[in-house]
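The values are calculated or read from the model by the stated rules, or taken from the named source; none is laboratory data. As the structure is a computational prediction, the values presented were derived from the model and not from experiment. Backbone-built Cβ (ideal geometry, glycine too); neighbour counts: all protein chains shown.
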Amino acid sequence: MQLKHCFFALVAASISSASDICGTPTPTEEQVWRAVSLQAQDLNAQDRDISLVNKTAIEINVLQDAFKPHNITFKLGRGDVSVEPKWSDNCMERQMKQRLQKGTYADMNVYFFPSMACANSEQLPHNRLLGYVTDFPDDKTANTKRQILDAVHVRADTVPGGKFENFDMGMTLVHEVGHWLGLFHTFQGGCYGYGDGVSDTPYEDDTTADYYSGTCNRRRDSCTTPGLDPVENYMDYSAE
Ligand SMILES: [Zn+2]
């Protein structure tokens with residue numbers, strides 16, 4: 001399966017620009033995104049906001065690698081880099097998407113935010129919220145009239161080389177895209193629930209509880225049903 005397009009948007013409060021002592025023109029947004037598409041790898045510039053653009057390019061490779069064994073690939077569409085402080089904490093989601101959202105339900109829009117102060121979560125406090133999707137696909141098709149909010153949202157510091165402790169290898173995007181494609185959490189409904197909806201995923205009583213410490217108990221077995229807890233499944237909460 002190949003999705004029609006995957007559009008990426010990096011929303012930032014500021015991007016540093018050293019234009020005082022250099023005559024090189026400031027690149028346009030289109031030029032910046034072209035650099036992303038070329039998958040430039042700038043792991044040495046981790047402390048500059050601009051490096052987030054390059055980390056996002058690496059993140060796209062992580063996403064492709066994670067889904068490729070399942071015959072799902074993503075065709076990269078256009079990207080936007082928006083330096084817009086009032087959007088950067090996800091507090092003006094609808095207004096932002098009216099400007100940036102692209103495509104139909106066949107296209108996946110992905111937003112990277114510095115913070116998610118206004119995102120709702122039943123599971124985690126805002127400062128631990130890594131990402132979310134607006135809705136599951138249900139019976140939507142490419143021809144279904146699209147809700148403006150439909151998208152994948154990820155904390156920008158969870159991309160590879162990011163600074164979110166224990167979640168800095170890019171798997172947050174893989175997890176959220178799993179939701180966007182219709183997967184639930186592995187612990188959905190506990191030992192006798194629905195799980196992630198995949199028949200060979202063992203049940204687990206609750207989410208892996210060690211995401212704060214970064215440890216991972218691979219022998220955890222919280223249900224009497226067959227199989228150890230799927231702590232290495234992308235749809236669990238286990239640390240990376
Ligand atoms: Zn989730």
Which residue, of Arg146, Arg219, is outside the structural domain of Leu63 (by TED's automatic domain parsing) and either closer than 23 Å to Phe112 by Cβ or among the basic types (Lys, Arg) (or both)? Arg219
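Answer with yes or no whether Thr134 is within 13 Å of the ligand (Cβ to nearest atom), modelled with pLDDT of 85 or more and of a type outside the set (D, E, K, R).
Considered against the rule, which asks whether it is within 13 Å of the ligand (Cβ to nearest atom), modelled with pLDDT of 85 or more and of a type outside the set (D, E, K, R), Thr134 comes out as no.
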Checking Arg220 against (1) farther than 26 Å from Asp139 by Cβ; (2) touching a residue at least 24 places away in the same chain (Cβ under 8 Å): exactly one of these is not met. Which one? (2)
Say we look at the range 147-186 and pick out the residues that are among the aromatic types (Phe, Trp, Tyr) and under 26 Å from Asp221 (Cα atoms); which of these is nearest to the ligand (Cβ to nearest atom)? Phe184
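For (1) of a type in the set (A, V, I, L, M); (2) under 18 Å from Val154 (Cα atoms); (3) modelled with pLDDT under 75; (4) buried (at least 18 other Cβ atoms within 10 Å of the Cβ), each residue gets a yes or a no:
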site	(1), (2), (3), (4)
Ser17	no, no, yes, no
Ile72	yes, no, no, no
Val81	yes, yes, no, yes
Gly103	no, no, no, yes
Ala117	yes, yes, no, no
May I ask you to list the residues in the range 187-196 that are surrounded by fewer than 14 Cβ atoms within 10 Å (Cβ to Cβ) and within 13 Å of the ligand (Cβ to nearest atom)? none
Filter result (touching a residue at least 60 places away in the same chain (Cβ under 8 Å) and surrounded by fewer than 13 Cβ atoms within 10 Å (Cβ to Cβ)) within the range 58-70: none
Determine whether Asp206 is within 14 Å of the ligand (Cβ to nearest atom) and either charged (D, E, K, R) or over 24 Å from the mean Cα position of the chain (by Cα) (or both). yes
Among the candidates Gly161, Gly197, Gly214, which residue alone is in a loop (DSSP other than H, G, I, E, B), closer than 22 Å to Glu59 by Cβ and not assigned by TED's automatic domain parsing to the domain that holds Ser88? Gly214
Does Arg220 satisfy the criteria of being of a type in the set (Lys, Arg), over 30 Å from Gln98 (Cβ atoms) and modelled with pLDDT of 85 or more? yes
Within the range 197-210, tally of residues that are crowded, with 20+ Cβ neighbours inside 10 Å, in contact with a Phe, Trp or Tyr (Cβ under 6 Å, 6 or more places away or on another chain) and not polar (S, T, N, Q): 1
I need the full set of residues from the range 219-238 which are touching a Phe, Trp or Tyr at 6+ places or on another chain (Cβ under 7 Å) and away from the ligand (no atom under 14 Å from the Cβ), in order please. Cys223, Thr225
Quick check on this structure: which one of Val159, Val198 is touching a helix residue (DSSP H, G or I) at 6+ places or on another chain (Cβ under 7 Å) and either of a type in the set (A, V, I, L, M, F, W, C) or under 23 Å from Phe7 (Cα atoms) (or both)? Val159
